[in-house]
Amino acid sequence: MTGEVVPLSTRREPQIGFDRLELTRILDLYGRMVAAGHWRDYAIELGREAAIFAAFRRAAERPEVRIEKRPALRQRQGMWALVNESGAVLKRGHELAGVLAPLERRLVKLVD
């Protein structure tokens, strides 16, 4: 035994997250979908490459939709994506409001 001291890394991996306005917008939509009886649960995953909000019809299923924020794609097709249950990208864009538009339209149909 040499008595060597090995420092633990104090550097944390960078993590992507939602800012307050983004999360407010997403949770507002989620609340309205719950009130319409369509969604029942959600999950948030914060990682090194993306922040993901997943909405579920039932807790034991795959998410019906995922709202993904990938800042690495900001200069390309946009950092926001709406992904369906099978993993297909339904909408991609630079603005969250535009990506949420298909869900907003579905909500109007559910309420009517």
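Readers should treat all values here as calculations from the given coordinates under stated rules, not as data from a laboratory. As the structure is a prediction and not an experimental result, all values here were calculated from the model. Cβ: placed from backbone, ideal geometry, glycine included. Neighbour counts: every protein chain shown.
The table below gives the values:
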item	result
Residue order, fewest to most beta carbons within 10 Å, for Asp28, Asp41	Asp28, Asp41
Cβ-based exposure ranking for Leu21, Leu100, in which fewest neighbours within 10 Å come first	Leu21, Leu100
C-alpha long axis of helix 20-35 to longest principal axis of the chain, angle in °	40
Angle between the chain longest axis and helix 96-111 axis [Cα atoms, degrees, rounded to 10]	40
Label-to-label distance, nm, for residues given as Glu61 and Val5 (7 Å Cα→Cβ offset)	5.6
The chain - percent relative contact order, Cα under 8 Å, separation 6 or more	17
For the stretch 79-85, 3J(HN,Hα) per residue [Karplus equation, 6.51 cos²θ - 1.76 cosθ + 1.60, θ = phi - 60°, Hz, x = Gly/Pro]	7, 9, 9, 10, 10, 8, 4
Extension reserve of the Glu22-Ala97 stretch, reckoned as 0.36 nm per residue once the Cα distance is removed	26.1 nm
5 angstrom amide H check on Trp80, placed H, neighbours 5+ away	Arg70, Gly93
Theoretical FRET efficiency, 1/(1+(r/R0)^6), r = Cβ-Cβ of Glu104 and Arg40, R0 25 Å, to 0.05	0.85
Alpha carbon convex hull of the chain, projected area averaged over orientations, nm²	10.6
